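Inspection log for the structure reproduced underneath, given as structure tokens.
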Amino acid sequence: MTGFLIGLNAKAKRGLIEQAHNKRKFEFGLEVWDADYKEIAPNLEVEFELNDTNTQVTLVRPKKSPTQEFEIHQTKSIKDCIYDYFGGTDNLIKRYEKDINSKKDLDFLRIKRFLLTAYNDLFELDSTISNTALTNLKSELGKLDREYESFIKKASYPPQYSYEKIFLARQIEFTKMEELIESTQSIIKSSTIQQATLGNSLKTMEEQFARRTDTKSASYAQASNNLKNLRKRYVDLLHYLSTQKNKLAKATKARDDFSEKFFEEFLREYLPLTNALKVDFIKLLNAKAYDLDALLWQRAKRSMSVRRFFIKAGITGTYSSKTFLKYFLHSLDRNKIRNETNKLFDLLKYLETFSKKNILLIQVSPEDSKRYKEYLKNFDSDLQITTSNDPHNHLSISNPIDYHVIIMEWEVCGMTILDFMQKYKEIFSDNVCAAQFCVILPKDTNSDTMIQAREKVHYCTTQGNIDQFIDMMRMIL
């Protein structure tokens, strides 16, 4: 409805509208004013809306001029629209920032199915493996996986669809214009039907009237008047239909122009953001997959049931997903496997690359070093083993190497493992990863040395006890 602003009480924040044509007056509060307050002026022509009972003004704004009637203005920024759509994902990424920036990395999308299979298989071997921490971590990873799938689905829509759903759908004036187009199309459709019906009636009436000969009668005059009225209704309907078609054309052009105006700008902000969220989300899944895999096997390698299963099945190698997968694949007939199972061989290659460990083996006798290296290679062929007969050669800051495990006899070249550990940590504390230290003790080791070794070195084994040595390596790796 339209009217004029005929009163304003700035102190009370109230205004008064006089409706055009019928002069009805409506009072309103300035909180329903939908424009800049600077635009308020005496006798300003305004548009206003009433509630369902037509008793209370719900919206007032300056009346648009004919040139403004079909203008569409941006009502929400592109950035805000994108955040509304992906805000949940963005907040989740920020909440897990520490995990994303960690160096933990296990390709979740590649290992997901096998990791969950290993979890279930190990649980069947020993139900006590799955403690609260492991259960919670598995549940958390499952929830993150579902969130990722939802995000990927939303982010993989075609650009045009995303633009319409994320940006255009949040533009108030744009959506109102679409509503106007829809209602106008409906009006045109019904008016066109009405025009056809009215046209047929008019044609019939004109034909009947043309055949009449009682030109002087009162009924002829009445029929003539009725025909004039019907012609006027038909002409008015044609004019109304023409007006609506013109209105539809202008509204459609305004909608299409607005649709095209922000598309490129939208893509410039949307594509980098979704790509960044995807990268961070995958880092998060990889970090959590690493944690789950590490905790699962940390629990499994302490289980007697799992250890008995490995021994009975003749499984050699570390307690890890890599060893478990290798055991599973060895039991398959390569000629009968499906394409889906074939992917597990690619997974094994990845795990073998991912899980490579550097081992430093320091012993007095080169023959012992050669023999122990063979034991380690038979245990896990992927281990990178360096042998040495002098610990002093590995205390140079100029040649830092990331050793995951350092195995050393109690004393080599006049240096005990305790002295070597202390110097190694002092020199390499900031340059390499924190190594696990293992000592090989002589069979006749006295009690004092045994106590020192157990207190200060991570793992101990006895010279020549190969089963104990291999079991120690299983626990470490």
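The values are calculated or read from the model by the stated rules, or taken from the named source; none is laboratory data. Keep in mind it's a predicted model, so treat the numbers as computed, not measured. Glycine also receives a Cβ, built like all others from the backbone with ideal geometry; neighbour counts cover every protein chain displayed. What goes into the accessible areas is simple: the full protein's heavy atoms, side chains included, and nothing from ligands, DNA or RNA. Shrake-Rupley method; radii C 1.70, N 1.55, O 1.52, S 1.80 Å.
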Practice task
Report the label-to-label distance for Ala218 and Ser398 in nanometres (one decimal), using points 7 Å from each Cα along the Cα→Cβ vector.
Solution key: 13.1
Exercise for the section: Under a cut-off of 19 Å between alpha-carbon atoms, report the lysines in cross-link reach of Lys25, not counting same-chain residues fewer than 8 places apart. Expected result: Lys13, Lys63
Fill in the blank from the handout: Flagged as over-length at 24 Å C-alpha distance, from Lys79/Lys103; Lys288/Lys456; Lys288/Lys322; Lys322/Lys423, the pairs are Lys79/Lys103; Lys288/Lys456; Lys322/Lys423
Completion exercise
Measuring from its Cα centre, the stretch 76-162 shows a charge dipole (+1 at each Lys and Arg Cβ, -1 at each Asp and Glu Cβ) which, in debye to the nearest 20, is 320
Exercise for the section: Whole Å is fine, so just give me how far the alpha carbon centre of the stretch 383-422 lies from that of the stretch 48-115. Expected result: 58
Exercise for the section: Give me the net charge of Val60's neighbourhood, meaning all other residues with Cβ under 9 Å from the Cβ of Val60; Lys, Arg count +1, Asp, Glu -1. Expected result: -2
Practice task
Consider the candidate values [x] 1.31; [y] 1.80; [z] 1.63; state which one is Cα Rg over 2.2 N^0.38 Å computed from the structure displayed.
Solution key: [y]
Problem - Of Lys312/Lys377; Lys38/Lys165; Lys154/Lys261; Lys326/Lys425, pairs whose Cα-Cα distance is over 29 Å - result: Lys38/Lys165; Lys326/Lys425
Completion exercise
With +1 on the Cβ of every Lys and Arg and -1 on the Cβ of every Asp and Glu, the dipole magnitude of the stretch 39-91 about its Cα centre, in debye rounded to the nearest 20, is 100
Exercise for the section: Show which aspartates and glutamates lie in cross-link reach of Lys356 when reach means a straight Cα distance below 12 angstrom and same-chain residues fewer than eight apart are skipped. Expected result: Asp380, Asp382, Asp402
Practice task
Using a 1.4 Å probe and ignoring any ligands, DNA or RNA, find the accessible area of Asp419 and quote it in Å² to the nearest 10.
Solution key: 70
Practice task
Report Arg61's accessible area, 1.4 Å probe, all protein chains in place, as a number in Å² to the nearest 10.
Solution key: 50
Handout entry: Net dipole in debye of the chain [+1 Lys, Arg Cβ; -1 Asp, Glu Cβ; about Cα centre; nearest 20]
Key = 1940
Practice task
Could you tell me which of Ile401, Gly3, Phe263 has its Cα farthest along the dipole of the chain towards the positive end, charges placed at Cβ (Lys, Arg +1; Asp, Glu -1), taken about the Cα centre?
Solution key: Gly3
Fill in the blank from the handout: Of the candidates Ile100, Ile111, Asn131, the farthest towards the positive dipole end of the stretch 61-153 (Lys/Arg Cβ +1, Asp/Glu Cβ -1, centred on the Cα centre) is Ile100
Exercise for the section: List the relative contact order of the chain as a percent without decimals, with contacts defined as Cα pairs under 8 Å and 6+ residues apart. Expected result: 13
Handout entry: Hydrodynamic radius of the stretch 77-160 per Kirkwood, over alpha carbon pairs, in Å
Key = 15.4
Completion exercise
Given the candidates Leu295, Phe48, Phe354, the one whose Cα lies deepest towards the positive end of the charge dipole of the chain, counting +1 at each Lys or Arg C-beta and -1 at each Asp or Glu C-beta, is Phe48
Problem - Residues with amide H under 5 Å from that of Cys460, placed H, sequence gap 5 or more - result: Val439
Practice task
Compute the signed sum of charges (Lys and Arg +1, Asp and Glu -1) over the other residues within less than 12 Å, Cβ to Cβ, of Ser305.
Solution key: +3
Fill in the blank from the handout: Plugging the Cβ-Cβ distance of Asn378 and Lys154 into 1/(1 + (r/R0)^6) at R0 = 45 Å yields, to the nearest 0.05, a FRET efficiency of 0.35
Fill in the blank from the handout: For Leu50, the residues 5 or more places away or on another chain with a placed amide H closer than 5 Å to its own amide H are Thr58
Fill in the blank from the handout: Counting only protein heavy atoms with a 1.4 Å probe and every protein chain in place, the carbon and sulfur fraction of the accessible surface of the stretch 164-205 in whole percent equals 54
Exercise for the section: Work through the residues other than Ala35 whose Cβ is under 11 Å from its Cβ and net out their charges, Lys, Arg +1 and Asp, Glu -1. Expected result: 0
Exercise for the section: Name the long-range amide H neighbours of Ile385: under 5 Å, sequence gap of 5 or more, or other chain; modelled H, no Pro or chain starts. Expected result: Ile359
